[in-house]
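Chemist: Pasting a structure below so you can have a look.
The values are calculated or read from the model by the stated rules, or taken from the named source; none is laboratory data. For clarity, every value in this text was computed on a predicted model and none was experimentally measured. Cβ placement follows ideal geometry from the backbone for every residue including glycine, while neighbour counts extend to all protein chains displayed. The area values use the complete protein model at the heavy-atom level, side chains included, leaving out ligands, DNA and RNA. Shrake-Rupley method; radii C 1.70, N 1.55, O 1.52, S 1.80 Å.
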Amino acid sequence: MSSQEMAIVIDDESSIKMANPMDLPPNIFNADLERRSQNRQLLLNWIRSSLKEGVDYGSIPTKRGPSKPSLFKPGAEKICGMLGITVHFPSLKETEQALLQGLIPEYVMVRCELKNIHGQTLADGVGARSLKQDYGDINKILKMSCKSAHCDAVLRLAGLSEVFTQDLEDMKNLRTMNENKPSTSSSTCITEAQHRELSNQLTKLNLDNERFIAYCNKIASAKSLGSIRSLNELPTALFDFVMKKLPELSAAA
């Protein structure tokens, strides 16, 4: 038996599987490519027609126009639900045990696995968060790390990086955004105390940070206040306004 013949495996439905897809017979390989290409296009069409901007994904304004859309957690959840995929965080238990033992790391990293109904892992992703980013709020750090890992895995699952970026705060073009952002002094942004108050309210009302930042960017753009990449960059001039809007945004979520 040749090495190529040994690489062929016949499953219960008598379909041919190869150790390396490039070893498949040309007609089968071509049929697989065509099927996956059509299915991926159908998925992209569904995403464009079913996901809602500002809810499932969003972008921020720059001098060069809107940034590449960022996939939010609700959008990632909808894609997984449509494909019948379950979300697992195999490394989360170890992280939780370390935190319960009083071991507070400088960074938290979480791995996400997407599995089909047979328990097979189809894609995985990683999310990390610095303790300083959320002022030591462990609950938020864990949630944001899981969200980032989940979105990362979904983007890998169907090669959606051409459509979405993973996270508004993790965009690869941060340098360009910083260059485009109008120069401001620290006094024009909310204080640390205001940031904590806003962050606590968002958590209490179960509002997604990325969706809220995208909402604030629309207001800031209309008032020529520049772009906002994170909560602590919210202009002081908008603080009272958005705080009053939070209950309304929560009711509409």
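Chemist: If we sort 71-82, 40-51, 193-204 on the protection proxy, mean other Cβ atoms within 10 Å, highest first, what's the order?
Modeler: Values: 71-82: 20.3, 40-51: 13.1, 193-204: 15.3.
Top of the packing list down: 71-82, 193-204, 40-51.
Chemist: Taking only the alpha-carbon positions of segment 75-128 and ignoring solvent, what does the Debye formula give for the base-10 log of I(q)/I(0) at q = 0.25, 0.31 Å⁻¹?
Modeler: So the normalised log intensities are -0.94, -1.19.
Chemist: How much net charge surrounds Pro26 when only the other residues with a Cβ under 14 Å from the Cβ of Pro26 are counted, with Lys and Arg +1 and Asp and Glu -1? Write down the numbers at each step before the final one.
Modeler: Values: positive: none; negative: Asp23, Asp32, Glu34.
Here the charged neighbours net out to -3.
Chemist: So how do Asp32, Asp134 rank on accessible area, 1.4 Å probe, biggest first, that is with the largest at the start? Show your work: numbers first, answer last.
Modeler: On the way: Asp32 45, Asp134 15 Å².
So, going from the largest accessible area down, we get Asp32, Asp134.
Chemist: Which peptide among 242-252, 153-163 comes first, and what is the full order, when sorted by highest mean count of other Cβ atoms within 10 Å?
Modeler: 153-163, 242-252
Chemist: Another question, then. Quick one: accessible surface of Phe89, probe radius 1.4 Å, all protein chains present, in square angstrom to the nearest 10.
Modeler: Counting only protein heavy atoms, Phe89 exposes about 60 Å² to solvent.
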